[in-house]
Amino acid sequence: MDFPTQARTVPKTLMASILLLLVLLMPALQITGAQSVGVCYGRNGNNLPSETEVVDLYKSNGIGRMRIYEPNDPTYQALKGSNIELTVTILKNQLQTYTDAAAATDWVQKNVQAYLPDVKFKYIAVGNEVHPGDTETQYLLPAIQNIHNAIVAANLQGQIKVSTAIDTTLVDNAFPPSAGKYSDAAKSFITPVIDFLASNGAPLLVNVYPYFSYIDNPSQIDLAYALFTSDGITTPDGVKYQNLFDALLDAQYSALEKANAPNVEIVVSESGWPSEGSNVATPQNAQTFYQNLINHVKGTTGTPKRPGKAIETYLFAMFDENTKGGDEVEKHFGLFSPNKQPKYQLTFG
């Protein structure tokens with residue numbers, strides 16, 4: 001008679017253990033969910049909050065990933081113990097320096113190893129938006145290789161991936177997306193980089209801006225299509241696209257396929273919409289874009305070429321940056337004002 005009693009009791013014990021485990025895992029599960037969207041932290045402003053305040057703002061909004069554009073000790077100090085995943089950028093005007101292996105090793109030691117394990121590094125973006133014709137094209141691959149070799153020497157290659165961030169202009173024939181390919185001008189420097197990424201299991205970082213694609217071609221692109229609010233289009237080859245973001249992203253995947261790198265994943269390292277500076281740069285459009293983008297990339301719809309999974313994406317940017325150069329719109333991509341007040345009502349987590 002004891003056996004049936006034990007048979008009933010054991011599942012109850014297991015159930016209690018499972019429930020306890022789920023309760024214990026809930027914080028970790030919540031953090032992982034929040035990390036599906038990151039935000040870029042640019043610092044081209046003379047009125048921005050302290051680094052500690054910035055990291056607190058990330059944490060209070062459930063933003064689990066950050067991209068920065070240069071190593072910065074106060075930012076690193078504020079990030080310690082936060083569990084926020086970090087992408088660090090080496091800007092293209094510094095690439096020549098890191099064609100020297102010793103300089104690359106020194107950079108990794110001072111800007112990565114010195115802060116482990118308290119800072120959670122994820123990617124190093126060696127170069128941001130190198131274009132055909134830039135003198136830096138000749139330095140890009142050697143710098144990537146040297147930084148990668150320094151990461152391997154530190155036995156960090158399983159934790160930190162070394163890549164570069166490009167913009168969408170390296171791909172031409174972007175419509176329909178299936179026709180996307182690297183331009184002849186870009187092939188010579190980007191193809192060896194892509195081969196390197198493929199051989200090392202690293203993603204390609206791509207800055208994807210439906211805003212700029214729309215601005216460059218407003219007569220051919222519906223604003224609603226750029227804002228995720230249209231019924232979508234069907235391309236000449238019969239593929240349905242709900243939004244411009246997916247079309248731009250899939251053109252990049254098509255180019256990777258034509259470069260014999262179909263397995264290289266893309267991380268969207270920037271995407272955003274400005275609130276001032278042009279007739280479509282309005283708070284309302286920016287609110288619509290950002291919330292729809294967050295909902296889309298966190299979901300499992302994916303894109304027509306890469307369906308069924310979330311899209312790792314970094315919103316640009318955390319703050320309006322009043323000293324940033326370029327057109328006026330460049331100063332107005334912030335999700336928050338410098339006083340830390342949200343410009344939009346967004347749900348990140």
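The values are calculated or read from the model by the stated rules, or taken from the named source; none is laboratory data. Everything numeric here is computed off the predicted structure, so don't read it as measured data. FYI the Cβ positions are ideal-geometry reconstructions off the backbone, even for glycines, and counts take in every protein chain you see. Keep in mind that these areas ignore ligands, DNA and RNA; they rest on the heavy atoms of the full protein, side chains included. Shrake-Rupley method; radii C 1.70, N 1.55, O 1.52, S 1.80 Å.
General remarks:
- Checked against (1) in contact (Cβ under 8 Å) with a residue 24 or more places away in the chain; (2) open to solvent by 70 Å² or more (accessible area, probe 1.4 Å); (3) closer than 26 Å to residue 298 by Cα, residue 52 passes all but condition (3).
- Any hit, segment 302-314, residues being of a type in the set (S, T, N, Q), part of a loop (DSSP other than H, G, I, E, B) and more than 18 Å from residue 206 (Cβ to Cβ): no
- Taken as a whole, segment 182-190 holds at least one residue that is surrounded by fewer than 18 Cβ atoms within 10 Å (Cβ to Cβ) and closer than 30 Å to residue 281 by Cβ.
- Hey, residue 244 in contact with a Phe, Trp or Tyr (Cβ under 8 Å, 6 or more places away or on another chain), open to solvent by 10 Å² or more (accessible area, probe 1.4 Å) and not aromatic (Phe, Trp, Tyr) or not: yes
Listed here are the residues, each with its yes/no results for (1) more than 21 Å from the chain's Cα centre (by Cα); (2) of a type in the set (Gly, Ala, Ser); (3) at pLDDT 95 or above.
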| position | (1), (2), (3) |
| --- | --- |
| 11 | yes, no, no |
| 32 | no, no, no |
| 56 | no, no, yes |
| 86 | no, no, yes |
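- The set of residues from segment 329-349 being surrounded by fewer than 17 Cβ atoms within 10 Å (Cβ to Cβ) and of a type in the set (Lys, Arg) comprises just one member, 340.
- When 235, 303 are screened for being open to solvent by less than 40 Å² (accessible area, probe 1.4 Å) and in contact with an Asp or Glu (Cβ under 7 Å, 6 or more places away or on another chain), only 303 passes.
- Looking only at segment 58-84, and only at residues there that are in contact with a strand residue (DSSP E or B) (Cβ under 7 Å, 6 or more places away or on another chain) and farther than 30 Å from residue 138 by Cα, the one that is most open to solvent (accessible area, probe 1.4 Å): 83
- Members of segment 139-153 found to be open to solvent by 30 Å² or more (accessible area, probe 1.4 Å) and over 13 Å from residue 102 (Cα atoms), listed by number: 139, 141, 152
- Of the residues in segment 191-205, at least one is closer than 23 Å to residue 72 by Cβ and open to solvent by less than 10 Å² (accessible area, probe 1.4 Å).
- Test for residue 310: is it touching a helix residue (DSSP H, G or I) at 6+ places or on another chain (Cβ under 8 Å) and farther than 23 Å from residue 64 by Cα: no
- Evaluating residue 130 against the criteria (1) β-branched (Val, Ile, Thr); (2) within 21 Å of the chain's Cα centre (by Cα); (3) open to solvent by 50 Å² or more (accessible area, probe 1.4 Å) leaves one unmet condition, (3).
- Test: residue 274 is in contact with a helix residue (DSSP H, G or I) (Cβ under 6 Å, 6 or more places away or on another chain) and either open to solvent by 60 Å² or more (accessible area, probe 1.4 Å) or more than 15 Å from residue 169 (Cα to Cα) (or both): yes
- Against the test of being within 22 Å of the chain's Cα centre (by Cα) and either within 22 Å of residue 317 (Cα to Cα) or surrounded by fewer than 23 Cβ atoms within 10 Å (Cβ to Cβ) (or both), the options 286, 224 yield a single qualifying residue, 286.
- Within segment 256-283, restricting attention to residues that are free of Cβ contacts under 8 Å to residues at least 40 places away in the same chain and within 25 Å of residue 331 (Cβ to Cβ), the residue that is nearest to the chain's Cα centre (by Cα) is 282.
- Exactly one residue among 333, 348 is assigned to a loop (DSSP other than H, G, I, E, B) and modelled with pLDDT under 95, and that residue is 348.
- Residue selected from segment 208-245 under the condition in contact with a strand residue (DSSP E or B) (Cβ under 8 Å, 6 or more places away or on another chain) and part of a helix (DSSP H, G or I), by the criterion farthest from residue 332 (Cα to Cα): 225
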